[in-house]
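The values are calculated or read from the model by the stated rules, or taken from the named source; none is laboratory data. These numbers were taken from a predicted model, which means no experiment stands behind them. So basically every Cβ, Gly included, is an ideal-geometry build from the backbone, and we count neighbours across all protein chains shown. Heads up: the accessible areas ignore ligands, DNA and RNA and are worked out on the full protein's heavy atoms, side chains in. Shrake-Rupley method; radii C 1.70, N 1.55, O 1.52, S 1.80 Å.
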Amino acid sequence: MTSLFTNPEFWQYLSIPVIAALIGWTTNWLAIKMTFFPLEFVGKPPLLGWQGIIPSKARKMAAISVDATISKIGTVREIFQQIDPRVLATHVVHSVDLRIEEYVDELMLREHPTFWENLPASARKMVYDRVRKSTPKLVDNLVDDISDNVEDLLDIKGMVIERLAADKQLLNRIFLECGDAEFRFIVNSGFYFGFLFGLIQMAVWYFYQSWWVLHYFGLLVGWATNWIALNVIFQPLHAKKIGPFRIQGLFLKRQPEVAESFCHIVTHEILTVGNIINAILEGPKGDRARNMVKKHIKPLVDETAGLGKALTQVAFGPTGFATLKNQVGEKAIEISKTSFNNPVFETDRARAVESIMVERMIALSSEEFQDLLRPCFQEDEIKLILVGATLGFAAGVCQLVFVFGDALV
């Protein structure tokens, strides 16, 4: 036994499966890293350099993600109803009520400072009270109108795509968190599969020491470890019982866990109330949405002026009253964008949407569910396999030259 351990040839042969395992681990690790990083192109485009596959095709990957998930687990109307328009209206009214005096003063001092400064305090208080009294009904009507037309006002697919295309780190995080266990398996399995291939390589080399054997097996290890790992993750699609064992793709077996992770990110960081309202006001139908806000809020000026409307119009001039109405509408749009910057309220509404989305995502078929993660491997998968094969080939050459060079002389 002592002579075996001191025999250089023994260690040379033992190095074959060890090196193959390291090749498998390294190529799989590199494949994962190259899928997601770097976020921006490093090098000289278009050929000398690299950008992570997901970040380089952020818009396309975001669209695939939306089509594979959000479009199947909740319509625009369902999501908005789950947020609950009544709760939105109550929140807006409460937020505005606390700052009625501030908003009125800001508008009046900007448009008609002299008139407002000279108005008796009792008259100003009457204006505050009338605004406070009129606001709930106006906000209710506005929210009802938006709710009735939300499918036309909100392009939820476009909203999510724009958000993820602009934030590549968030797009990466969706895939990385949802597929965390699978990515770790891919990296670690490269070591185990590589070692098994190395044992075969060692046996072949023992009986047939041709110069091409190590090159070929190095290339094979770099390619096959990726291919096997990917198939174990997604195949078989449906659970199959083989003896006492239940076999199914690793990712598919984690459907409930992945659904919770994915839906939490989407509802708490993308489909937030603030983002949805901003997408309605600034999206493709933003002009219509803003006009809707102004239509419902402008009457506030008439109701507040009340019996003194004629005198107020005279005091403000022929265009002053109309300008004030427009400014009130603009202020309402501004308030609509900022009223939901409340972490507690955002989290509460996100949980309401999250619950229904998780339930529906768990109910997706295996064919539908795999589309959440599968595309991130399918995009330029051949490049990753070629990189692994090239590294494996290079390692085989080094092995031949530096480990077995003397044996071939």
Distance in Å, no decimals, from the C-alpha centre of the range 248-304 to the one of the range 161-231 is 39 Å
Taking the chain as the reference, fit the longest principal axis to its C-alpha atoms, fit the long axis of helix 381-398 to the helix C-alpha atoms, and give the angle between the two in degrees, 0 to 90, nearest 10. 30 degrees
What number do you get for the range 83-235 when its Cα radius of gyration is normalised by 2.2 N^0.38 Å, N = residues? 2.26
Counting only DSSP loop positions in the range 238-297, the GluC sites (Glu not before Pro) whose Cβ has at most 11 other Cβ atoms within 10 Å are none
Could you state the accessible area per residue of the chain in Å², with a 1.4 Å probe and every protein chain left in place? 50 Å²
Partner lysines for Lys298 [C-alpha distance under 28 Å; skip if fewer than 8 residues away on the same chain]: Lys125, Lys133, Lys137, Lys285, Lys309, Lys325, Lys331, Lys337
Once amide hydrogens are built 1.01 Å from N within the peptide plane, the residues lying 5 or more places from Ile247 or on another chain with amide H under 5 Å from its amide H are Lys240, Lys241, Ile242
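Using a 1.4 Å probe on the protein heavy atoms, what percent of the accessible area of the chain belongs to carbon and sulfur? Working shown, then result.
Values: 12660 of 20560 Å².
Looking at the chain in its full context, I get 62 percent from C and S.
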I'm spelling it out carefully: the read-out is log10 I(q)/I(0) by the Debye sum over Cα atoms at q = 0.08, 0.10, 0.12, 0.13 Å⁻¹, the candidates are (1) -0.63, -0.80, -0.98, -1.07; (2) -0.54, -0.76, -0.95, -1.03; (3) -0.41, -0.64, -0.90, -1.05, and one was derived from this structure. Which label? (1)
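Could you work out Rg/(2.2 N^0.38 Å) for the range 155-204, with Rg from alpha carbons only? List each step's numbers first, then the result.
On the way: Rg = 18.8 Å, N = 50, 2.2 N^0.38 = 9.7 Å.
Against the empirical 2.2 N^0.38 Å value, I get 1.94 for the range 155-204.
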For the chain, what is the mean residue ellipticity at 222 nm derived from helices alone (per DSSP H run of n ≥ 4: -39500 (n - 2.57); sum divided by total residues; nearest 500 deg cm²/dmol)? -23500 deg cm²/dmol
Helix 85-97 against the longest principal axis of the chain: what's the angle in degrees, Cα atoms only, rounded to the nearest 10? 60 degrees
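Can you give the extra length, in nm with one decimal, that the chain gains between Thr90 and Thr323 once fully stretched, where that is 0.36 nm per residue apart less the Cα-Cα distance?
Numbers: separation 233, 0.36 × 233 = 83.88 nm, distance 2.82 nm.
Result: 81.1 nm gained on full extension.
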7 Å from Cα along Cα→Cβ at both Asn188 and Asp348: what's the point-to-point distance in nm? 4.2 nm
